[in-house]
1. Output the strands (runs of 3 or more DSSP E) that fall wholly within segment 10-124 and possess 3 or more residues being open to solvent by 10 Å² or more (accessible area, probe 1.4 Å), out of contact with any Leu (no Cβ under 8 Å at 6 or more places or on another chain) and among the basic types (Lys, Arg), or say none.
2. Which residue, of Ser186, Ser181, is in contact with a helix residue (DSSP H, G or I) (Cβ under 6 Å, 6 or more places away or on another chain), in contact (Cβ under 8 Å) with a residue 24 or more places away in the chain and crowded, with 20+ Cβ neighbours inside 10 Å?
3. Do we find that His169 is open to solvent by 70 Å² or more (accessible area, probe 1.4 Å), touching a residue at least 24 places away in the same chain (Cβ under 8 Å) and either charged (D, E, K, R) or within 26 Å of Ala87 (Cβ to Cβ) (or both) in this structure?
4. Let me confirm something: among Leu183, Leu145, which residue is out of contact with any Asp or Glu (no Cβ under 7 Å at 6 or more places or on another chain) and either part of a loop (DSSP other than H, G, I, E, B) or on the phi > 0 side of the Ramachandran plot (or both)?
5. Restricting attention to segment 125-159, which residues are among the polar types (S, T, N, Q) and open to solvent by 70 Å² or more (accessible area, probe 1.4 Å)?
6. Given the criteria under 16 Å from the mean Cα position of the chain (by Cα), within 19 Å of Leu171 (Cα to Cα) and without any contact (Cβ under 8 Å) to a residue 40 or more places away in the chain, does Ala83 qualify?
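The values are calculated or read from the model by the stated rules, or taken from the named source; none is laboratory data. Only a predicted model underlies this, so the values are computations on that prediction, with no experimental measurement involved. Here Cβ is always computed from backbone atoms with ideal geometry, including for glycine, and neighbour counts include all displayed protein chains. Protein only, heavy atoms only, side chains kept; ligands, DNA and RNA dropped before computing areas. Shrake-Rupley method; radii C 1.70, N 1.55, O 1.52, S 1.80 Å.
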Amino acid sequence: MTDISSNARSVYRLLPRMGEFRTLLLGSSLRKLIRWQITGADSDLPTSFDGSWDGDPGWRRGEFPSGYPGAPVLSGRVAGLLADDLAEAGRFVPVTTDGADSAGPDDYVLYLVERIVDCLDTRRSSRPKKTTGEITKAVFRPEALPSHLAAFRVPEYRGGIYWNGWAAHRLTELLGEDVESRLVWSEDPSLPVHPHPWGF
């Protein structure tokens, strides 16, 4: 995991760490989300999501179980603890999974990041991939970076969620081994940027 204790402004991609816990697949619900992320139309705004648990049924459920770039899912516990920090950039949408079982209650939400901020330095960043829109090398304009927001999206890659360093730090403190933080960009040139932030 990259050091996120630096005072320099930095941007991360968060995803579930590989381990002995279950992850969440969103299936057809993901198509609804992607359509809204592209169009931005109120008529496409998802109001709920369906998911199914993946992994050994004997393992516990992860508290950051979704690895989709634009679909972070949080346990109810974590969402409750971070509700005030996350409210300015988006909203929580309920996730109905394939049912509660002996692993515990079914209490998860998708963090729907609504804020799109024009802060990418397009001349110094790589071009978005044609198939996914992913930006392998992202360079941000420090003066335009929305450092007060926990997370944001950019016009060039509406399907990916970027997390500011302070929010990534809060989540890694709360979630420990459940979450992996990959540095996408930092003002501090000594910090190593992850070569493939969006891949597994």
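1. It comes to none.
2. On inspection, the qualifying residue turns out to be Ser181.
3. no
4. Only one candidate qualifies: Leu145.
5. Thr131, Thr132
6. So Ala83 fits the description; yes.
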